[in-house]
1. How big is the charge dipole of the range 2-181 about its Cα centre, in debye rounded to the nearest 20, if each Lys and Arg gets +1 on its Cβ and each Asp and Glu gets -1 on its Cβ?
2. Work out the charge dipole of the chain with +1 on the Cβ of Lys and Arg and -1 on the Cβ of Asp and Glu about the Cα centre, then indicate which of 12, 85, 186 is farthest towards its positive end.
3. Given the C-alpha atoms of the chain, compute the convex hull and give its volume per residue in Å³.
4. Beta carbons within 10 angstrom, averaged per residue: use that to sort the peptides 32-39, 107-114, 74-81, highest first.
5. With Rg and the Kirkwood Rh both taken from Cα atoms, where does Rg over Rh land for the range 1-107?
6. Computed on alpha carbon atoms, what radius of gyration and Dmax characterise the range 119-166, expressed in Å?
7. Using just the helices of the chain, give the 222 nm mean residue ellipticity in deg cm²/dmol: DSSP H runs with n ≥ 4 each add -39,500 (n - 2.57), and the total is spread over all residues, rounded to 500.
8. Taking the mean number of other Cβ atoms within 10 Å as a proxy for protection, how do you rank 41-53, 128-140 from highest to lowest?
Amino acid sequence: MEDFFKERFKKIFDMMDNSELKEKTINAWVTAAKEGGWSTEKIDKIPFTLLTDTKGINLIEHTIAVTLGAYGLAKAIESTYKKMPFEINYDFLLAGGLLHDVGKLLEIEESGDTYRKSRKGKCARHPISGAIIADRVGLPDEIINIIANHSKEGDGRPQRIETVFVHQADFATFNPMVMKEKGLLIE
């Protein structure tokens, strides 16, 4: 299963310098997949959300899009501002982007030909279960902050700059899907 995640996230892992952070990121995905009862054959089919029609976009695709979006936003700011008002840790940004939804492997379960919220998902949403997994595999507090606060759970909470970028990229990929379903997306 480790090789599965290494392959899926290779492009992003190649952008990271910290090898220990890469390994712990893979360990978090493997741990969550095992605890959620997912096989590699099924992981590519998990929708990235249960809240709207994903139009076939799966959790892995969403994870990569969010991570690259957060990275692009950070790079755009860094290349434009004459003086940076904050420091960006790109390894934290990339690892946090990859892990922001790792808890969905516990939050979602298969139900016949469809997916639903699991019992664990009813007890704790993915930002919480993902942060717990990250802590258990020894990821730093900075990554836990990104995972725990990337969604509504982070509203009004102290956040790292990397958390802000992941949050914005996440909602930039999610909101258009909801708007499309509601007929609010102008096309």
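The numbers here are math on the coordinates, done by the rules we state, and not lab data. All values derive from a computational prediction rather than experimental measurement. Using ideal geometry, Cβ is built from the backbone for each residue, glycine included, and neighbour counts are taken over all protein chains shown.
1. On the way: 25 positive and 28 negative charges, 84 e Å.
So the dipole magnitude of the range 2-181 works out to roughly 400 debye.
2. Looking along the dipole axis, the top candidate is 186.
3. Normalising the Cα hull of the chain by residue number yields 132 Å³.
4. On the way: 32-39: 17.5, 107-114: 13.8, 74-81: 12.2.
My ranking of the peptides, most packed first, is 32-39, 107-114, 74-81.
5. On the way: Rg = 14.9 Å, Rh = 14.7 Å.
When Rh is taken as the Kirkwood radius, the ratio is 1.01.
6. 10.6, 32
7. Values: 11 runs with 115 residues, N = 187.
Using -39500 (n - 2.57) per qualifying helix, the result is -18500 deg cm²/dmol.
8. Numbers: 41-53: 15.8, 128-140: 20.5.
With the highest mean Cβ count within 10 Å placed first, the list reads 128-140, 41-53.
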